[in-house]
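Notes for the one structure printed next.
The values are calculated or read from the model by the stated rules, or taken from the named source; none is laboratory data. Every value quoted in this text rests on a predicted model; they were computed, and no experiment measured them. Every residue, glycine among them, receives a Cβ derived from its backbone with ideal geometry; neighbour counts consider all protein chains shown.
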Amino acid sequence: MDTLTIKAKGISVTVDLTVGHLADMTVDSDGRRLKPLHRAPWIDEPRAALPQDLPEGTVRLSGDFLCAPFSRSDVEEAPLHGWPANSPWDVVASAATVDGWRAVFRLQHKVLGATVEKILTLRDDHPFLYQEHVFSGGSGGISVAHHPMTVMTDGGRLAFSPKRFAATPDDPLEPDPARGRFLLAYPARSADLTRFPAADGGTLDLTDYRIDHSREDFVTLVEADHGGPGWTALARKAEADLVVVLKNPAELPVTMLWISNGGRDYAPWSGRHRGVLGIEDGRTALGHAASLGDNWLKREGVATAFALGGNVSFRHVIGALPLFDGEPPRDIATAQGHMRIAAADGSTRDVAFDGDFLRIGRSGSG
């Protein structure tokens, strides 16, 4: 595998240059080594053993990657989730800085005529990866999403920045019971994330990831207007850590949860892709054409694409911390130089964080 690893004090990230995925992320904290990102169980298997029609992004499925577009590429011909998730990236620059490391990567393919760059920054003693993607030139509109995935051996508990509501699409990911199964109702909607309509007529708690039922589910959370960063925090039970994902809601107004717990029976999933949660912050509907046209999110006043032409950029953060009280936080606030995490019991702790990076109030074009 063609990779590049970047490091700062207490953190390292490895990029799979063949598809632009974050193949690994390690955070050293309080004498522990935390590994927040998922790696598909088939990555090390011979390519000939996998279905021949798999997109390269699924063959190399790991960590996080840029989707552009998100889901179906039905405007410009490309694989699922677009060329940024399925084709090679070149290293433009990679060097130590005064307080960490900075690397720049460029996608070999263009997207609707736009040049795409990925900028990764690590800071000494910050348990976070700071990411920025920049689209230069091109024409038309592009939907985008990050696709970070984490994995749990015994489930976990979730907390979020304020959301307006959660909604499932018209159809489940695996409607054919001969191929897979799901637990949520489709389509459905709820403003209470702890009581989302279930397929059996009851309700399910979206904040509780349990591994005792196999399922493949997908649900979109729409950010409320709260003036702060958008965040998702996952307290992983067996791993005893807290995975934190942050965004600027003006840039990426939705967070899509992909719950993948043995709910697909066909290769390469084969019931073995278990305990995985995708926390997919985006500016998108399902599919490129749907994102550009009329869609349910637009009718809710939510942007689902960027307009290309000049420079369009958006930022994202992934981090990991030791879990102290077994529960996700009640609140997360960012300020210059630190993040303040408020626990369910009312206690707080501060963590080194670049509070200027997400620049709330800043938004991309389109």
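What to note about this one:
- Residue that is farthest from the chain's Cα centre (by Cα) [pool: residues in the stretch 146-163 that are within 17 Å of residue 229 (Cβ to Cβ) and not charged (D, E, K, R)]: 162
- Within the stretch 83-107, residues that are within 25 Å of residue 138 (Cβ to Cβ) sit with their Cβ atoms under 7 Å from residues that are among the hydroxyl-bearing types (Ser, Thr, Tyr) and surrounded by fewer than 16 Cβ atoms within 10 Å (Cβ to Cβ), at 6+ positions apart or across chains, in these pairs: 103/94; 106/115.
- Close Cβ contacts (under 9 Å, 6 or more residues apart or on different chains) running from residues in the stretch 220-239 that are closer than 18 Å to residue 322 by Cβ and among the acidic types (Asp, Glu) to residues that are modelled with pLDDT of 95 or more and assigned to a loop (DSSP other than H, G, I, E, B) comprise 239/35; 239/36; 239/152; 239/153; 239/154.
- Going through (1) more than 17 Å from the chain's Cα centre (by Cα); (2) surrounded by fewer than 20 Cβ atoms within 10 Å (Cβ to Cβ); (3) free of Cβ contacts under 8 Å to residues at least 60 places away in the same chain one by one, residue 113 falls short only on (3).
- Some residue of the stretch 323-332 being over 21 Å from the mean Cα position of the chain (by Cα), over 22 Å from residue 348 (Cβ atoms) and either among the charged types (D, E, K, R) or modelled with pLDDT under 95 (or both): no
For every residue, the table says whether it meets (1) among the aliphatic types (A, V, I, L, M); (2) touching a residue at least 24 places away in the same chain (Cβ under 8 Å); (3) in contact with a Ser or Thr (Cβ under 9 Å, 6 or more places away or on another chain); (4) loosely packed, with under 14 Cβ neighbours inside 10 Å.
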residue: 263; (1), (2), (3), (4): no, yes, yes, no
residue: 272; (1), (2), (3), (4): no, yes, no, yes
residue: 275; (1), (2), (3), (4): no, yes, yes, no
residue: 279; (1), (2), (3), (4): yes, yes, yes, no
residue: 316; (1), (2), (3), (4): no, yes, no, no
residue: 357; (1), (2), (3), (4): no, yes, yes, no
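- Lone qualifier among 311, 248 - being closer than 28 Å to residue 342 by Cβ and not aliphatic (A, V, I, L, M): 248
- Of all the residues in the stretch 207-220, those that are within 15 Å of residue 158 (Cα to Cα) and surrounded by 23 or more Cβ atoms within 10 Å (Cβ to Cβ) number 2.
- Residue ID - nearest to residue 250 (Cα to Cα), chosen from residues in the stretch 187-238 that are more than 21 Å from the chain's Cα centre (by Cα), of a type in the set (A, V, I, L, M) and in a strand (DSSP E or B): 188
- Condition check for residue 236 on (1) surrounded by fewer than 22 Cβ atoms within 10 Å (Cβ to Cβ); (2) of a type in the set (Lys, Arg); (3) under 14 Å from residue 328 (Cβ atoms): one failure, at (1).
- When residues in the stretch 343-358 are screened for being closer than 24 Å to residue 122 by Cα, assigned to a strand (DSSP E or B) and either of a type outside the set (Gly, Ala, Ser) or at pLDDT below 95 (or both), 3 of them pass.
- Of all the residues in the stretch 33-61, those that are within 18 Å of residue 267 (Cβ to Cβ), touching a strand residue (DSSP E or B) at 6+ places or on another chain (Cβ under 7 Å) and outside any loop (DSSP other than H, G, I, E, B) number 1.
- Any chance residue 297 is surrounded by 19 or more Cβ atoms within 10 Å (Cβ to Cβ), at pLDDT 95 or above and over 28 Å from residue 213 (Cα atoms): yes
- Scanning the stretch 142-156 for residues that are touching a Phe, Trp or Tyr at 6+ places or on another chain (Cβ under 9 Å) and surrounded by 19 or more Cβ atoms within 10 Å (Cβ to Cβ) turns up 142, 143, 144, 145, 146, 147, 148, 149, 152, 156.
- Scanning the stretch 120-145 for residues that are over 16 Å from the mean Cα position of the chain (by Cα) and closer than 21 Å to residue 11 by Cβ turns up 121, 122, 123, 124, 125, 126, 127.
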